[in-house]
1. Could you please give the count of residues in segment B:28-74 that are touching a residue at least 60 places away in the same chain (Cβ under 8 Å) and at positive phi?
2. Out of the residues in segment A:216-252 that are of a type in the set (Val, Ile, Thr) and under 13 Å from A:Arg205 (Cα atoms), which is surrounded by the fewest Cβ atoms within 10 Å (Cβ to Cβ)?
3. Of the residues that make up segment A:59-67, is at least one exposed (fewer than 14 other Cβ atoms within 10 Å of the Cβ), part of a helix (DSSP H, G or I) and either within 14 Å of chain C (Cβ to nearest Cβ) or touching a Phe, Trp or Tyr at 6+ places or on another chain (Cβ under 9 Å) (or both)?
4. Please determine, by comparing only the residues of segment C:65-77 that are more than 7 Å from every other protein chain (Cβ to nearest Cβ) and touching a residue at least 40 places away in the same chain (Cβ under 8 Å), which one is farthest from the chain's Cα centre (by Cα).
5. Which is under 24 Å from A:Leu475 (Cα atoms), assigned to a helix (DSSP H, G or I) and at the interface with chain C (Cβ under 10 Å from one of its Cβ atoms), of A:Val131, A:Val109?
6. Based on what the data block shows, is A:Ala404 of a type in the set (Gly, Ala, Ser) and in contact (Cβ under 8 Å) with a residue 12 or more places away in the chain?
7. Name the residue that is nearest to C:Ala222 (Cα to Cα), counting only residues in segment C:116-152 that are in contact with a Pro (Cβ under 9 Å, 6 or more places away or on another chain) and more than 14 Å from chain A (Cβ to nearest Cβ).
8. What number goes with the only condition from (1) within 14 Å of another protein chain (Cβ to nearest Cβ); (2) farther than 24 Å from A:Gly376 by Cβ; (3) in contact (Cβ under 8 Å) with a residue 12 or more places away in the chain; (4) not polar (S, T, N, Q) that C:Glu257 does not pass?
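The values are calculated or read from the model by the stated rules, or taken from the named source; none is laboratory data. Just so it is clear, the structure is predicted and the values come from calculations on it, not from any experiment. Every residue, glycine among them, receives a Cβ derived from its backbone with ideal geometry; neighbour counts consider all protein chains shown.
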Amino acid sequence: MSQAVLRQPEPRPGWLAGQSSGVRLARHSLTLVALAVILVPFADLAILTRDPWGELARMARGLAWPAWGALESPLEALGLTVAVALWGTLGGMLLGFPLALLFARSRLVRAGCAFVRAIHELFWALLFLQVFGLSAATALMALAIPYAGIFAKVYAEILEQLPGAPRDALPLGVGRLSRFVYAELPLAWARLAAYTRYRFECGLRASVLLGFVGLPTLGFQLETAFREGRYHEAGALLWLFYLLIASLPWWGHRRLIPLLLLGGALLLGPWPTVDGSLLWRFASQDIWPSALLDGDWRGLIDWLARIPELGPAIGNTLLLGLLGSVGALLVALALWPLACRHFGNPATRLAGRGLLIFLRSTPELMLAFFFLLLLGPSLLPAWLALALHNGALIAFLVARHADAITPGMPGVNASGRLAYELLPRLYPGMLALLYYRAEVILRETAILGMLGVATLGYYIDANFEYLLFDVAFFLLLITAALNIAVDALSRRLRPRETAIIDDPCQR
Amino acid sequence: MGGEPRRPLVAFEAEDLGYDNQVVLSRLALALYPGERVALLGPSGAGKSTLLEALRRRLGDSAAWCPQQHGLVPQLAVYHNIYMGRLAEHSALANLWNLVRPLAGPWRQVAELCDALGLAGLMRRPVGQLSGGQRQRVAIARALYQQQELFLGDEPVASIDPHQALRLLALIEARHATAVIALHYRELALSHFDRVWGLRDGQLVIDAPARDLTLADLDGLYPDADSSADEAIDRGQP
Amino acid sequence: MRWLAASALVTSTMALTLFAQGAVADTLHFTAIPDEDQSRLVERFSKVADYLEERLDVEVEYVPVKSYGATVTAFRNNQVQLAWFGGLSGVQARRLVPGSEALAQGSEDARFKSYFIAHRSTGLERAEELPDAIEGMSLTFGSRTSTSGRLMPEHFLRQRFGEAPDELFSRVGYSGDHSRTIALVEAGTWDLGAVNYTVWDAAVEDGRVDTDKVEVIWTTPAYPDYNWTLRGDVDEQFGEGFTEKVRAALLEMDDPELLASFPREDFIPADNALYAPIEDVAEELGLLR
């Protein structure tokens, strides 16, 4: 080395400066976290119960010693839960599939699907409850309609991503149907089936939740038992629910599905006597402000003015959505190593995996309900529920991807492996997944309002209770618009520089 | 070849070919005459697939088309993949029924083809479970099943050993009066074809009867003769 | 494209025929607003179902529901024909189903009351008037459309303070039912609660509430409340004179065990007009239009 050329080293980069993708993603995430931290003071995070630990101990005892004998016809509720999930998903599939074929071509179909998707299953249930009462029709439509929108979108995405070569290889003049069944459907089949299966699992959770609004699925007794503090009974029901989810691979086998469908059809009921005039009155009058139907603009303005506190409700909804997403990111970052083969020993991994599966298969509403009893009705229980459920879901997927990675440098210690080998490879996918979840999280925030958290859902629930359907419907429309807007926003903000873990079954 | 003036099946007169506003072959001028067997040569990316695609568009449904192997549907059986060659001739209902239970006539015809191509006994097997060479033969079978006068093939005998390739080319020749086939084996181009079109960098640099050409002429198409080994994995863009 | 339209048509017809084949009811279904613990509701109303079955010569079935709103919806959709409503839910139901009638009420319901209860730690004592000290505390109502757990307490609060509850209190909630209100105030989650006086008295009598932790601080003036309401079209469904049979069965219910489970002394005749004051208050508070 010649001593004359003692060159100045390249200047050391400043804190988080630079354009490499890792640093850019770190800045991106820290901005999100900072935004959440700045906004936390606006959130109502008070703990309102005087003795949360005592309550927690009672709940834990209930879960540890479930009172199986105290349950009233749990098998019937279980059967109905499965039947509603199966037929609801099937209905969604039958409606969604034709729409998927039109999806790319029709703006109207796309908008319609975005709209039905943006409203949570439970809100649809509240709506149909008014015309079909506490009946199987309400339950099925509450599942089938939003799922039709979801299926249409995802099926269309799957079909769109098909390789074009088999289609191009066909001789000219092949009809649409023949082309579809020979050169498209067989190629898409496996992914369509996998997604439908995943949606059925979601349907199972949603079907349980329908009990919270009074349909006699598993959630009906679960909510009652929890609310009235009969935790041993609640524990038994909760165990039943986990058993149902865990044993899905056995009873939900492909060959058993027709049998389940048939059995489910017999369990479904009661069927409502549909009063056509009532239905028409509901659709043409009840859900619209009367001033609008009369063309009375001044009256409409009065009507709008009387709608309660829309600003804070929207603010709370968005705030909870942001906090929930950031919380989910932090939870996912903290939890994924627990279930990953690169860390810990078999025992800790088993426990970690168990914890993640437990958190991700418990519906948010149920977790929130649990924290609500524990902490009182502030934003805190909702936040915890959203962060834990979605965080665990992301962590589980990230751990699975991490398991597939072989570190390039053997013998690096755990922290080095985490920071240099794994996280740089996994983080972009993790963040992208979070942006997909943001839409789901926002939809859930609205529904958590039914538990008394002052989001839009709180006012929707209230107005259904007051039978002011026009206001409830208006608020539903606002909720849907908000979801669509946030979905569009998160699509724009989503980091796209790396291959994402882009499987619809994971969103 | 007789000397009488003939009408070409297709003729390009100084045309730009490509897709999505991107010109791949510029100012192309060539003509395809009935009864001609043309070998299409050139390194990957030279525009062979683009040219075949353009020919296919011009010729419409009078040409049997044999794309590279990913034109097959791996989930469907060999029989169904071959049947797809004549999908347009049957009603949608018949096509649907054929998926449930193969139609008798087509099943017999496809079986004959399979025998000829060494695919006997594989008709019910999903194409996804076949070897690369077997898939290529399924793709050829599908093109033969179309029973046209003219054969257009995009590397139909790539990744097949020269012996087999010879046999398959003979089979194609026997059933089609006219053919344009993209190839890798330069020797085959000279020995089994009437005419050679050579593409390089988006230009037609050779358009001559095979008997007037030597291997050395053809070597000029490839920027680095050694790289011809890489060509075996050439995927040629559609 | 055509096959798409056809498949959509087939699907929708299938769905419609499925939904249209509802069972024709020859069973009288009745329900009650879920104002207390579910287990107590089921217990008390299955006995009532047995009694009604005997008196009416038709099958009678109790339908449990989750919320006050669901009770009204079930009544509106003819999934139940008879219901034990609160004052406000009864008014809502009768507005939605023209021709339906309030048949009977408990003798207590003519002069019903609500209690304001408070956790001991608030230091509030029983008084003739709601103390000013409650300002800034937290309060939970029962169900949003409960007459005794929300409507009338809110009405009297507004009368006393001239302010809406959200302005008066630091935090306002809706527990869902009276039992839960008592439990939550007892646990100290809320400082104050508004409850139905019969539910409170029964809970104290059965020892289900720890009066060292929670106590009544104020009793509201009287107002009309609970009522049995029957749909107007039952005579068509169950035969001429069915309404009168139901009315008689309710008014002649004298088994103390049945009555104690409501808990009411006995049932007396009622009519729709009795509940006009409730209707006025609800309109004033914007809960009815």
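1. Final tally of qualifying residues: 4.
2. From segment A:216-252, those of a type in the set (Val, Ile, Thr) are A:217, A:224, A:245; that's our starting set.
Then drop every residue that is not under 13 Å from A:Arg205 (Cα atoms), which leaves A:217, A:245.
Details: A:Thr217: 27, A:Ile245: 17.
Out of the qualifying residues, it is A:Ile245.
3. Quick first cut of segment A:59-67, residues exposed (fewer than 14 other Cβ atoms within 10 Å of the Cβ) only: A:60-61, A:64-65.
Restricting the remaining residues to those that are part of a helix (DSSP H, G or I) gives A:60-61, A:64.
From what is left, the residues that are either within 14 Å of chain C (Cβ to nearest Cβ) or touching a Phe, Trp or Tyr at 6+ places or on another chain (Cβ under 9 Å) (or both) are A:60-61.
Yes, segment A:59-67 contains a residue that is exposed (fewer than 14 other Cβ atoms within 10 Å of the Cβ), part of a helix (DSSP H, G or I) and either within 14 Å of chain C (Cβ to nearest Cβ) or touching a Phe, Trp or Tyr at 6+ places or on another chain (Cβ under 9 Å) (or both).
4. So in segment C:65-77, the residues more than 7 Å from every other protein chain (Cβ to nearest Cβ) come out as C:71, C:75-76.
Narrowing the set further to residues that are touching a residue at least 40 places away in the same chain (Cβ under 8 Å) leaves C:71, C:75.
Working: C:Thr71: 8, C:Phe75: 13 Å.
Looking at residues that are more than 7 Å from every other protein chain (Cβ to nearest Cβ) and touching a residue at least 40 places away in the same chain (Cβ under 8 Å), I get C:Phe75.
5. Numbers: A:Val109 fails: at the interface with chain C (Cβ under 10 Å from one of its Cβ atoms).
Criteria check complete, one pass: A:Val131.
6. no
7. Among those residues, the one meeting the criterion is C:Met152.
8. (1)
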